[in-house]
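Here is the structure we will look at, set down as structure tokens.
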Amino acid sequence: MTSSDILSFINVRKSFGANEVLRGVSLELQRHNVVCLIGSSGSGKSTLLRCANMLETIDGGDITLFGQSLTDPRVDPDLVRRQIGTVFQSFNLFPHLTVLDNLTVGPHYAQRRPLEVVRSEAIELLVRIGLESRAHDFPDRLSGGQQQRVAIARALAMQPALLLLDEVTSALDPSLVGEVLDLLSELADAGTTMLIATHEMGFARDVADRVAFLDQGVLVESGTPSEIFDNPQHPATQLFLQRVR
Amino acid sequence: MTTTHDEHSSGVAPPNLLAPGYRRFFTGRGAVIASSLSSVAVVVALVSLFYITPGSSEVRFFFFHLADMGRAFLGDPAKGLSSVGLAFLTNIWMCLLCEIIVLVLGLTFAWVRVSRSAVLLPVRVLVTVYTDLFRGIPIILVIYIVGFGLPALNIGFLSHQSPAVYGCISLIVTYTAYVAEVYRAGLTSVPNGQILAARSLGLTQQATMQRIILPQAVRTVVPPLLNDFISLQKDTALVSTLGAIEATHAAQIYASTEFNFSGYTIAALLFLILTVPLTRFTDQLMSRDRNKRLAQQS
Ligand SMILES: Nc1ncnc2c1ncn2[C@@H]1O[C@H](COP(=O)(O)OP(=O)(O)OP(=O)(O)O)[C@@H](O)[C@H]1O
Ligand SMILES: [Mg+2]
């Protein structure tokens, strides 16, 4: 672990009953890093992300955010989550709030920042994702791709230290995947720290600083995109990449 | 697929898509005419059926006698007859007062039941027992127990209230249990992803409830709440059993003094005037809700 680490997983273990889902996973995320987490379905990607924002409690090892252990009982999960933006596969926008209010509800009610400030920041974000004209629409008026972009903007509105993204294009119509991946590439170029679980190998190769391959709860291999995709060392990685190609 | 295409291109006549003429008549302006005619026909049929029943003239005299209806409505202080119309005001204030208290208490109880806080555990158990009890006991028994039990207990001012107050307490106690369940169903119907998203933003449990869950729950809960409100309006009539002078009781007095039941008819009409518009409104809300959900699914 180095001092520039934002988030570190140290030998993290997690079981659901007898099912050991994470078996000693270690991974570091540094400022401005984009790490893509790949692996077959059920390998534990979502679980790892959910442990990071304390939606799951871990059974062993440790997770640190800015060097502070999340297993410390004095840690307030709400404060941890305000540092971490989370985007889900199924968007989970708030249907009773307009697009703009979806963006301001966190900054205003969780961070208690004044409404005028968070509103103007939200508008800026909407301009950035090209949806400022939809600010006063309700989410169900938007396409899936637009909804997922709003969900990303909602996470960004909290000015988080890092973003966790869990297969954010998997629920989308193939024709809408591009606009969301483009937005993520832009964010990566702008230096946003991101941990991305994804099945989009092409995207991972383009955007990741590092790719980590998870196999049945074990992080068997990680490296630069070209190390992982062009020259995988571990047989499990080789097998997985053969299958997804 | 290609065979279908071939059939059309080989000159086979396209299928007929037009409804037969008589069916076309029943859409558009024809529909208005048809429905008015059928309504008139049904009403005429029902009224004439009523007139040809053997006891028709007696029933008309005892239940629909206009003079008696008027007298029951206005009352006659000289003969000790209370006005059904005035007494109905008692029903109105009872149901309004009860409804307000029930809405607040019901929400509080539902909130307690869905909360996961450890501190609230004993309260949660109490509330659960309470709702189970009062959803299970017929309301008329609750009215008897409260109306005759509280005075008998002899505990200061609680035992010296008017029948209307005991009636209201019974209605509140019973309807709070119903309404708490309606609210609870609404609160638990909000998808889990909503709660995950809210908590991931760092909203506290309370803010999540207040800003995310409750507003979504209230929408689904309005129609069933209105249904319970309609029942509550009608159940104010049961308070007559304690001797409170509300519309049903006034009609009862009229019937036993004048040997004519037209007062009951007037009371029924008054209830209808109040409940029918609400019923229509509730149905409209429900169908609008259903249409919206259908639209979202497609
Ligand atoms: N809440 C839970 N309770 C019990 N088992 C769970 C729970 N969540 C996940 N699991 C199990 O943990 C394992 C890993 O699941 P996880 O969702 O982390 O995989 P994943 O890599 O994200 O898969 P996918 O690519 O399909 O999203 C699976 O076997 C799953 O059944
Ligand atoms: Mg997953």
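Things worth noting here:
- Placing dummy labels 7 Å off each Cα toward the beta-carbon, the span from A:Leu79 to A:Asp173 is 4.5 nm.
- Based on Cα atoms of the range A:122-245, Rg over Rh with Rh as the Kirkwood radius reads 1.02.
- Hz values of 3J(HN,Hα) by residue in the range A:121-135 - Karplus curve (6.51, -1.76, 1.60), Gly and Pro given as x: 5, 5, 4, 4, 4, 5, 4, 4, 8, x, 10, 5, 6, 9, 3
- Hydrodynamic analysis of the protein assembly as shown uses the Kirkwood radius over alpha carbon pairs. Inserted into Stokes-Einstein at 37 °C and 0.692 mPa s, it gives a translational diffusion coefficient of 112 µm²/s.
- Relative to its residue count, the range B:109-215 spans a Cα convex hull of 127 Å³ per residue.
- Surrounding net charge for A:Ala212, when Lys and Arg each add one and Asp and Glu each subtract one, Cβ distance under 13 Å: -3
- Nonlocal amide H pairs with A:Leu219, under 5 Å, H built at 1.01 Å: A:Ser26
- Sorting the segments B:111-118, B:178-185, B:141-148 by their mean number of nearby beta carbons within 10 angstrom, highest to lowest, gives B:178-185, B:141-148, B:111-118.
- Within a Gaussian network of chain A (alpha carbon springs, distance under 10 Å), most fluctuating of A:Gln111, A:Gln83, A:Gln216: A:Gln111
- Hydrodynamic radius by Kirkwood, which averages 1/r over all alpha carbon pairs of the range A:5-244, in angstrom: 18.4 Å
- Taking a straight line from the alpha carbon of B:Lys79, not one of the lysines sits under 17 Å away once near neighbours fewer than eight places off in the same chain are left out.
- Once you reduce the range B:164-205 and the range A:64-92 to the center of their Cα atoms, the two points are 29 Å from each other.
- Taking the centroid of alpha carbons for each part, the range A:153-179 and the range B:43-64 are 71 Å apart.
- Straight-line cross-link partners of A:Lys14 among the lysines, defined as a Cα under 30 Å from its Cα and at least 8 positions apart when in the same chain: A:Lys45.
- Here the simple spin-label model places points 7 Å from the Cα toward Cβ, and for B:Ala31 and A:Val117 these points are separated by 5.6 nm.
- Simple Cβ-charge dipole of chain B, Lys/Arg +1 and Asp/Glu -1, about Cα centre, in debye nearest 20: 880 debye
- Between helix A:235-244 and chain A: long-axis angle, C-alpha atoms, 0 to 90°, nearest 10: 40 degrees
- Hull shadow area, averaged, the range B:71-291 [alpha-carbon convex hull, nm²]: 15.1 nm²
- Hydrophobic, long helices, defined as DSSP H runs whose alpha-carbon span along the helix axis is 24 Å or greater and whose mean Kyte-Doolittle value is at least 1.0, occur in chain B at B:29-52, B:84-114.
- Crossing angle, helix A:144-156 versus chain A [Cα axis fit, 0-90 degrees, rounded to tens]: 90 degrees
- Working from Cα pairs under 8 Å separated by at least six residues, relative contact order for chain B is 25 percent.
- Label-to-label distance, A:Ser41 versus B:Val104, with points set 7 angstrom from Cα along the beta-carbon direction: 5.2 nm.
- Added length on full extension, which subtracts the Cα-Cα distance from 0.36 nm per residue, B:Gln284 to B:His160: 40.3 nm
Only the coordinates and a few stated rules stand behind these numbers; no lab work does. Nothing here was measured: the structure is a model prediction, and the numbers come from that model. As a convention, Cβ positions derive from the backbone with ideal geometry for all residues, glycine included, and neighbour counts pool all protein chains shown.
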